[in-house]
Amino acid sequence: MGPRVKRLAGPILGLALGLVVGFSLGQRQGFKMGMGFLETQVSGTLSIHVEAASCIRVGDTKRALELLDTMIDSAVTSVVAQPGPLRAPEALSQAKLYRSVIPAAGPAASGVGTALERVPTMEVPPQTGTSPNRSGLIRLVQQAGA
C-alpha cells in the first residue's frame, strides 16, 4: 500500500462506518416511528370498537351505529383519497354496497358519495337454499330488496 492509500484509508473507513451506523440508526428510528403510528391507529380503532360494542350491549344501538358509520365514512374517504390505483377495492365495494342501502348522512355524506363513485359495485350472491347467509351485509341488502 502506498502512502496516499494509507492516508485515505482512515477517512474512507470512517465514512463507511458512519454510513452503516447512520443507516442502522435511521432504520431503527423509522421503525419506531412506524410502530408508534401503528400503535396510535390500533389504539384509536380499538377504543371506538369497544365503545360501539358497549353501546350495543346496553341497548344504545343508535349511538353504536353512529360510531361505526363515522368509521366507515372516514375509511372510505381516506383510502380513496390516496393517489395511484384504487386500494382495498373489495372492502370499498362492500362500503359502496352498504351505502347503497344506508346512505351516508351528516357533513361527510357528499364526500363519501363522491369517493364511492369510482369504486366498483359489489356483486350480491343470489339467495340459495334455506340456510341464511351469515353476512350481515348480504342479509341487509336482501332485506332492503336492493
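The values are calculated or read from the model by the stated rules, or taken from the named source; none is laboratory data. This one's a predicted model, so the numbers in the text were calculated from it and none came from an experiment. Neighbour counts are summed over all protein chains in view; Cβ atoms, including those assigned to glycine, are modelled from backbone coordinates with ideal geometry.
Here are some notes:
- Any chance Arg87 is in a helix (DSSP H, G or I) and either at pLDDT 90 or above or of a type outside the set (A, V, I, L, M) (or both): no
- Of Val119, Val76, all but one fail to be buried (at least 18 other Cβ atoms within 10 Å of the Cβ), without any contact (Cβ under 8 Å) to a residue 60 or more places away in the chain and part of a loop (DSSP other than H, G, I, E, B); the exception is Val119.
- Residue match in segment 28-49 (condition: of a type in the set (Asp, Glu) and modelled with pLDDT under 90): yes
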